[in-house]
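To keep things clear, I will list the structure first and then write my remarks on it.
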Amino acid sequence: MPHIAYEVVRPDQARSCAVFASPHSGRNYSFSFLRSTVLDGHSIRSSEDAFVDLLFNSAPHFGAPFLMAGAPRAFLDLNRSRDELDPALIEGVRRQAHNPRVASGLGVIPRVVANGRSIYQGKLTLDEARARIATYWVPYHDMLQSLLNDARADHGQAILVDCHSMPHEAMDGVARMGLKRPEVVLGDRFGAAASSDVVDQIEAAFVKAGFTVTRNTPFAGAYITQAYGRPARGQHAVQVELDRSMYMNESLVRPNGDFEDVQKALRGVVAEIARIRPESLALAAE
């Protein structure tokens, strides 16, 4: 089992209403988990948002907490509902209404990694699935909501920046249309998860740093954005997807020669987002 459910780094002083989180960059692949999978130690990492935690680790310096997953995505997907159990993988789970994520093997306990490669030879018990959820999913989400509650209590608003990465090929369709390939995709559930002013300011921060940005296509935000985005209550959630090829060799799962430059640019982005103030959000709503 992975050693920890999460790690949270808090700022010396909570100066920002932003909360940064990385639910898919966990890389604690325990021996027992690796022994249970049919994949090797390299292939099992293909669904991981590798190094995203390092790219956004400046958040506490600018007054915002940073929550990072401990368990890897192939072991447990924190960006899924705890109820998204896959009957094709977990014994004793009844088939329910069609869920495309579960049907494709990407439930809360994933059945496959990238490119549809199976993780296991057979099935898992329902007790095993419940144990993973209780040990890793519940503590992470309890801490995430606690950090958002603290931000709202201190500043009147909370902005969740949910940090992810995407394969370079994810934007091939855009490139085929002759458009400039986006390097960053912001997801706000088409306006349901965050106020337009919040998303405008986050987009402006990325554009200022030189990134090409688009919204909601092909990633509008999954469970976390949907569950935590409550703009009417002063709790906003925006998913950030970064093109992995900017900073890593995707096939080797290693940082490339541009990693430090991208990390530096993102430090500027994080600083800008951390400066978003509740007063500006209130004025935009009037």
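Listed values, structure above:
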read-out	value
Contacts under 7 angstrom Cβ, first residue in region 70-87 being free of Cβ contacts under 8 Å to residues at least 12 places away in the same chain and part of a loop (DSSP other than H, G, I, E, B), partner crowded, with 24+ Cβ neighbours inside 10 Å and not β-branched (V, I, T), 6 or more apart	none
Hits in region 182-199 (condition: surrounded by fewer than 14 Cβ atoms within 10 Å (Cβ to Cβ) and not polar (S, T, N, Q))	F190
Which listed residue is surrounded by fewer than 23 Cβ atoms within 10 Å (Cβ to Cβ) and under 26 Å from M248 (Cα atoms), from G70, G63	G70
Hey, A21 closer than 17 Å to A151 by Cβ, buried (at least 21 other Cβ atoms within 10 Å of the Cβ) and either in contact (Cβ under 8 Å) with a residue 24 or more places away in the chain or not basic (K, R) (or both) or not	yes
Whichever residue in region 86-133 is among the polar types (S, T, N, Q) and more than 25 Å from the chain's Cα centre (by Cα) and, among such residues, is surrounded by the fewest Cβ atoms within 10 Å (Cβ to Cβ)	Q121
Filtered residues of region 243-280 (kept if among the small types (G, A, S), over 19 Å from the mean Cα position of the chain (by Cα) and closer than 21 Å to A170 by Cα)	S251
Residues located in region 5-18, provided they are touching a residue at least 60 places away in the same chain (Cβ under 8 Å), part of a loop (DSSP other than H, G, I, E, B) and either touching a strand residue (DSSP E or B) at 6+ places or on another chain (Cβ under 6 Å) or crowded, with 16+ Cβ neighbours inside 10 Å (or both)	A5, A14, S16, C17
Test result for E7, closer than 24 Å to A151 by Cα and among the acidic types (D, E)	yes
Of residues in region 187-198 being aliphatic (A, V, I, L, M) and more than 17 Å from the chain's Cα centre (by Cα), the one farthest from V238 (Cα to Cα)	A192
Filter result for Q201 (of a type in the set (S, T, N, Q), part of a helix (DSSP H, G or I) and more than 17 Å from the chain's Cα centre (by Cα))	yes
Close pairs from region 270-282: first hydroxyl-bearing (S, T, Y) and surrounded by fewer than 22 Cβ atoms within 10 Å (Cβ to Cβ), partner modelled with pLDDT of 95 or more and part of a helix (DSSP H, G or I), Cβ under 9 Å, at least 6 apart	S280/D197; S280/Q201
Residues within region 199-232 that are touching a Gly at 6+ places or on another chain (Cβ under 9 Å) and within 18 Å of M246 (Cβ to Cβ), tallied	5
Residue check for A192: over 17 Å from C17 (Cα atoms), among the aliphatic types (A, V, I, L, M), modelled with pLDDT of 95 or more and out of contact with any Phe, Trp or Tyr (no Cβ under 9 Å at 6 or more places or on another chain)	yes
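Results for (1) in contact with an Asp or Glu (Cβ under 9 Å, 6 or more places away or on another chain); (2) modelled with pLDDT of 95 or more; (3) not hydroxyl-bearing (S, T, Y), shown as yes or no for each residue.
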position: G70; (1), (2), (3): yes, yes, yes
position: E84; (1), (2), (3): yes, yes, yes
position: Q96; (1), (2), (3): yes, no, yes
position: T125; (1), (2), (3): yes, yes, no
position: I133; (1), (2), (3): no, yes, yes
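The values are calculated or read from the model by the stated rules, or taken from the named source; none is laboratory data. Note that this is a predicted model, so its numbers are computed, not measured. FYI the Cβ positions are ideal-geometry reconstructions off the backbone, even for glycines, and counts take in every protein chain you see.
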